[in-house]
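Single-structure report; data block below.
The values are calculated or read from the model by the stated rules, or taken from the named source; none is laboratory data. As the structure is a computational prediction, the values presented were derived from the model and not from experiment. FYI the Cβ positions are ideal-geometry reconstructions off the backbone, even for glycines, and counts take in every protein chain you see. Side chains included, ligands, DNA and RNA excluded: accessible areas come from the protein's heavy atoms. Shrake-Rupley method; radii C 1.70, N 1.55, O 1.52, S 1.80 Å.
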Amino acid sequence: MKHFFLFLILLVSLESWAQLQTQFKKIVDSIYNQHPEAIGILVHVEAPNQSISWSYAKGISEKLSTTPLTAQQPVLIASNTKPYVAAAILRLVEKKKFTLDQSIATLLSTQTTSQLKKSGYNLQLITPRHLLSHTSGIQDYVDESYFQHINEHPQYQWTRNEQIERSLAIGKPQEVGTHFSYGDINYLLLTEIIEQQMQQPFYIAIRTLLKYQALGLNHTWFFQLEDYPVHTLPLAHQYAAKLQWNSYQLNSSWDLYGGGGIAATAKDAALFFQYLFEGKIIEDKSLLQKMYTYVLPPDQSKYCLGIFNFDLGFPAYYHGGWWGTDVIYSPTSNATVTVFTLQKEFQHTINPYIGKEFLTLLFKQEQLFSSPSSVNEALKQ
């Protein structure tokens with residue numbers, strides 16, 4: 001009889017989870033119907049506790065086309081690259097190559113070390129932790145004139161060193177460790193540290209350190225730097241109306257060397273977060289915890305080490321990307337939601353709403369149905 005009740009509970013749970021997926025679809029359809037100018041929306045939900053791995057797309061893959069957007073199309077995830085770089089750095093820490101609080105004076109290339117010193121930076125004061133948390137005091141290379149240059153020279157091939165030089169030319173050293181100042185320059189320097197430690201290009205090293213092959217992340221790669229993965233659909237077009245940008249018309253080197261650069265499907269992006277926070281990439285739990293532990297007081301910065309830590313009524317580990325890409329993980333539900341919106345101006349309207357709605361539904365579902373083992377324990381009592 002006990003097994004019969006378990007079977008009934010399982011059937012009810014499966015039916016409820018099917019209904020949940022229907023609710024997900026209705027939410028996306030509804031918000032897209034309200035905002036068709038968003039061009040397209042890609043979502044993925046990875047919720048192993050509920051046996052859900054669900055991708056969905058609504059809209060078109062290109063403005064001037066009627067071709068439907070498909071859920072398996074990759075996009076440029078922009079600054080969502082930063083958690084990958086951060087995780088790779090923590091893997092090197094896990095391997096005892098260096099520590100988070102070690103000076104970067106001996107971790108960078110000779111050339112970059114010399115450049116930073118000539119510009120007045122005291123590298124003895126700056127650590128990997130400062131770079132990871134954007135508290136290094138190093139001026140970023142991205143400003144209004146940078147975007148203006150891209151507009152005037154959309155096919156210009158940037159190098160990482162040029163971007164470092166630009167940072168040093170447009171700003172002076174600021175105080176280290178006292179305030180949050182988001183800057184891609186921090187992550188460019190981190191990719192150089194990865195190269196110095198691994199003695200290979202950072203994008204190859206990251207692929208190895210983060211266990212892409214073992215984890216089946218087959219549709220994740222550094223665009224332009226790595227070969228296009230086999231059996232991967234064409235990139236969806238991504239748009240920025242204010243700048244009149246179409247991602248297909250720009251040389252991606254403007255956002256390539258660690259601050260951004262990765263292309264991935266919504267599912268792969270969700271799986272990376274899921275595997276990361278489940279401890280399948282960084283195995284040292286205390287080290288992984290540092291990734292979502294505040295560096296500054298949370299009223300000053302919610303940014304930790306490559307991850308934002310927000311309270312949405314439940315803890316949420318998040319990162320977003322310039323092109324309208326968001327990934328969010330809830331440890332409460334052990335679930336990840338990816339939301340990619342092709343028209344970036346709708347990112348802050350659409351993405352947080354879908355992400356929070358989905359995770360809230362998953363949280364409620366988690367409360368309604370405990371795991372089979374929990375049910376079994378309850379039935380024994």
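Could you tell me which of the residues Lys58, Lys63, Lys97, Lys117 is assigned to a strand (DSSP E or B) and open to solvent by 50 Å² or more (accessible area, probe 1.4 Å)? Write out each step before concluding.
Details: Lys63 fails: assigned to a strand (DSSP E or B); Lys97 fails: assigned to a strand (DSSP E or B); Lys117 fails: assigned to a strand (DSSP E or B).
Answer to the selection: Lys58.
In the stretch 102-126, which residues are under 14 Å from Gln174 (Cα atoms) and of a type in the set (A, V, I, L, M, F, W, C)?
Correct list: Leu116, Leu123, Leu125, Ile126.
For the structure I just gave you, tell me whether Asp299 is out of contact with any strand residue (DSSP E or B) (no Cβ under 9 Å at 6 or more places or on another chain), closer than 19 Å to Ser133 by Cβ and modelled with pLDDT under 95.
On the way: out of contact with any strand residue (DSSP E or B) (no Cβ under 9 Å at 6 or more places or on another chain): yes; closer than 19 Å to Ser133 by Cβ: yes; modelled with pLDDT under 95: no.
Here the answer is no, as Asp299 does not meet what is asked.
Select from the stretch 40-54 the residues that are open to solvent by less than 30 Å² (accessible area, probe 1.4 Å) and within 19 Å of Leu69 (Cα to Cα) and list them in ascending order. Explain how you work it out, then say what you get.
Step one: of the stretch 40-54, the residues open to solvent by less than 30 Å² (accessible area, probe 1.4 Å) are 40-47, 50, 52.
Once the filter is applied, which keeps residues that are open to solvent by less than 30 Å² (accessible area, probe 1.4 Å) and within 19 Å of Leu69 (Cα to Cα), the stretch 40-54 yields Gly40, Ile41, Leu42, Val43, His44, Val45.
Scanning for something surrounded by fewer than 20 Cβ atoms within 10 Å (Cβ to Cβ) and within 18 Å of the chain's Cα centre (by Cα), does the stretch 72-93 turn up at least one residue?
Yes: the stretch 72-93 contains one or more residues that are surrounded by fewer than 20 Cβ atoms within 10 Å (Cβ to Cβ) and within 18 Å of the chain's Cα centre (by Cα).
Based on this model, can you work out whether Thr135 counts as farther than 27 Å from Trp245 by Cα, surrounded by fewer than 17 Cβ atoms within 10 Å (Cβ to Cβ) and β-branched (Val, Ile, Thr)?
Details: farther than 27 Å from Trp245 by Cα: yes; surrounded by fewer than 17 Cβ atoms within 10 Å (Cβ to Cβ): no; β-branched (Val, Ile, Thr): yes.
In short, no.
His237 is checked against (1) in contact with a strand residue (DSSP E or B) (Cβ under 8 Å, 6 or more places away or on another chain); (2) more than 19 Å from Gly40 (Cβ to Cβ) and fails just one. What number does that condition carry?
Looking at each condition in turn, His237 falls short on (2).
Can you tell me which residue in the stretch 310-327 is farthest from Asp184 (Cα to Cα), limited to those that are open to solvent by 20 Å² or more (accessible area, probe 1.4 Å) and not hydroxyl-bearing (Ser, Thr, Tyr)?
So the residue we want is Gly313.
I need the full set of residues from the stretch 170-205 which are surrounded by fewer than 23 Cβ atoms within 10 Å (Cβ to Cβ), closer than 13 Å to Leu132 by Cα and out of contact with any Leu (no Cβ under 9 Å at 6 or more places or on another chain), in order please.
Ser181, Tyr182, Gly183, listed by residue number.
For a quick check of your reading of the model, give me the residue pairs whose first member lies in the stretch 129-146 and is on the phi > 0 side of the Ramachandran plot, whose second is open to solvent by 10 Å² or more (accessible area, probe 1.4 Å) and at pLDDT 95 or above, with beta-carbon atoms closer than 6 Å and at least 6 apart or on different chains.
Taking only residues 6 or more apart or on different chains, the pairs are His134/Phe180; His134/Ser181; His134/Tyr182; Gly137/Pro173; Gly137/Gln174; Gly137/Glu175; Gly137/Val176.
Quick grid of which residues meet (1) part of a helix (DSSP H, G or I); (2) open to solvent by 10 Å² or more (accessible area, probe 1.4 Å); (3) acidic (Asp, Glu); (4) free of Cβ contacts under 8 Å to residues at least 12 places away in the same chain:
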{"position": "Asp268", "(1), (2), (3), (4)": "yes, no, yes, no"}
{"position": "Tyr275", "(1), (2), (3), (4)": "yes, yes, no, no"}
{"position": "Gly279", "(1), (2), (3), (4)": "no, yes, no, yes"}
{"position": "Ser286", "(1), (2), (3), (4)": "yes, yes, no, yes"}
{"position": "Lys290", "(1), (2), (3), (4)": "yes, yes, no, no"}
{"position": "Thr293", "(1), (2), (3), (4)": "no, yes, no, no"}
{"position": "Leu296", "(1), (2), (3), (4)": "no, yes, no, no"}
{"position": "Asp299", "(1), (2), (3), (4)": "no, yes, yes, yes"}
{"position": "Leu305", "(1), (2), (3), (4)": "no, no, no, no"}
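Would you mention how many residues in the stretch 331-351 are part of a helix (DSSP H, G or I) and within 14 Å of the chain's Cα centre (by Cα)? I'd like the intermediate steps shown before the answer.
Going residue by residue through the stretch 331-351, those that are part of a helix (DSSP H, G or I) are 344-351.
Now drop any that are not within 14 Å of the chain's Cα centre (by Cα), which leaves 351.
Here the count works out to 1.
Which of the residues that make up the stretch 237-291 are under 13 Å from the mean Cα position of the chain (by Cα), of a type outside the set (A, V, I, L, M) and over 15 Å from Lys211 (Cβ atoms)?
Once the filter is applied, which keeps residues that are under 13 Å from the mean Cα position of the chain (by Cα), of a type outside the set (A, V, I, L, M) and over 15 Å from Lys211 (Cβ atoms), the stretch 237-291 yields Gly258, Gly259, Gly260, Gly261, Thr265, Lys267.
Among the numbered criteria (1) open to solvent by 50 Å² or more (accessible area, probe 1.4 Å); (2) closer than 16 Å to Gly259 by Cα; (3) not β-branched (Val, Ile, Thr), which single criterion is violated by Leu125?
Single failed check for Leu125: (2).
Identify all residues within the stretch 155-169 that are in a loop (DSSP other than H, G, I, E, B) and open to solvent by less than 50 Å² (accessible area, probe 1.4 Å); write none if there are none. Show your work before the answer.
Of the stretch 155-169, the ones in a loop (DSSP other than H, G, I, E, B) are 155-159.
Of everything in the stretch 155-169, just one residue is in a loop (DSSP other than H, G, I, E, B) and open to solvent by less than 50 Å² (accessible area, probe 1.4 Å), namely Trp158.
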